[in-house]
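A short worksheet on the structure shown next.
The values are calculated or read from the model by the stated rules, or taken from the named source; none is laboratory data. Since the structure is predicted, the reported quantities are computational estimates derived from the model, not experimental observations. For neighbour counting, all protein chains shown are included, and Cβ atoms are generated from backbone atoms with ideal geometry for every residue, glycine included.
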Amino acid sequence: MAPPTEHTKPTRSELADLSALADGTLDPSRRVEVEAHISASPELSALYERERRLMAALHQARASDRAPAALRARIEASRPQGRTLARRRIAYAGGLAAALAAVALAVVLALPGGTPGAPSVSDAAALAARGPAQNAPAPDPGHPGTQLRQNVGDVYFPDWTYSFGWRAVGARTDELGGRKAVTVYYQWKNQRIAYTIVAAPALPQPAAQRTWQNGTELRTLAHGGRLIVTWRESGDTCVLSGTGITAAELQKLAAWSVPAESR
């Protein structure tokens, strides 16, 4: 980012970096640069603080089990994105943040507990927070170094030990909305992530940042203190989640594919 100029409108690039920093999707290699640039500009600092409060309100609303998935999605969809965000940020940032924060608070306080709704990706990620209840699946001897002896339908859990250093350390099996949900926990040094596969039919797609890697559409969001990357494979829903890990790291794991010579 170039040094800020006094009394000039933020550029689209600056606004995009500001938003990405607030929602945790900024490339970690650029975090120090972007934070320093924002700190040097009172206008950018004020916008960033509003965006940060907005994201906190949205996360609070999503964390409430009392808010149905459809309503949470509508709240998320209310945030201007892309070009719309760049056009409207300066004029409406304060009003938008206040309005959405009020909506989020109303969702948490007004809806009755146990409001019924279809299971969501956030619900699947919440299963991982319960922790492992079974031993980790063993490597598949027929696919050494690439696949574990655990699957949901046609989708097998990867063996990342040799490719990335993440080794399977536990598992659990749950039911989510009548679907089988299997979670395998992976650990690298002191970090732990969870990979949940929910059997078909696929869960509704969340309103989230979308990226494409290796021909797969990935959706990245935060919920309940966990960073989540989700995608669909063979009709099943795959959910990779963790804390203390960047979106780029989770996306890299999610987009990994078995080398052709190992299949």
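Out of ALA129, ALA118, one residue alone is in contact with a Pro (Cβ under 7 Å, 6 or more places away or on another chain), modelled with pLDDT under 95 and either surrounded by 11 or more Cβ atoms within 10 Å (Cβ to Cβ) or not assigned by TED's automatic domain parsing to the domain that holds VAL184 (or both). It is ALA118. For residues that are part of a loop (DSSP other than H, G, I, E, B) and touching a residue at least 60 places away in the same chain (Cβ under 8 Å), scanning just the range 127-143, find the one that is farthest from the chain's Cα centre (by Cα). If we take residues in the range 127-143 being part of a loop (DSSP other than H, G, I, E, B) and touching a residue at least 60 places away in the same chain (Cβ under 8 Å), then HIS143 is farthest from the chain's Cα centre (by Cα). For the range 3-12, indicate whether the set of residues that are out of contact with any helix residue (DSSP H, G or I) (no Cβ under 9 Å at 6 or more places or on another chain), modelled with pLDDT under 75, among the hydroxyl-bearing types (Ser, Thr, Tyr) and loosely packed, with under 15 Cβ neighbours inside 10 Å is non-empty. The answer is yes; a qualifying residue exists. Whenever a residue of the range 19-37 is touching a residue at least 24 places away in the same chain (Cβ under 8 Å) and buried (at least 16 other Cβ atoms within 10 Å of the Cβ), its partners that are assigned to a loop (DSSP other than H, G, I, E, B) and of a type outside the set (Lys, Arg), lying with C-beta atoms within less than 7 angstrom and at least six residues away or across chains, give the pairs VAL34/MET1; VAL34/LEU26; HIS37/MET1; HIS37/PRO4.
Just one of the listed residues (ALA22, ALA36, ALA16) is in a helix (DSSP H, G or I), closer than 22 Å to ALA207 by Cα, modelled with pLDDT of 75 or more and out of contact with any helix residue (DSSP H, G or I) (no Cβ under 6 Å at 6 or more places or on another chain), namely ALA16. If you go through the range 193-216 and keep only what is out of contact with any strand residue (DSSP E or B) (no Cβ under 6 Å at 6 or more places or on another chain) and either surrounded by fewer than 16 Cβ atoms within 10 Å (Cβ to Cβ) or under 15 Å from ALA254 (Cα atoms) (or both), you end up with PRO201, PRO204, TRP212, GLN213, ASN214, GLY215.
Annotation: ALA67 fulfils all but one of (1) modelled with pLDDT of 60 or more; (2) outside any helix (DSSP H, G or I); the unmet one is (1).
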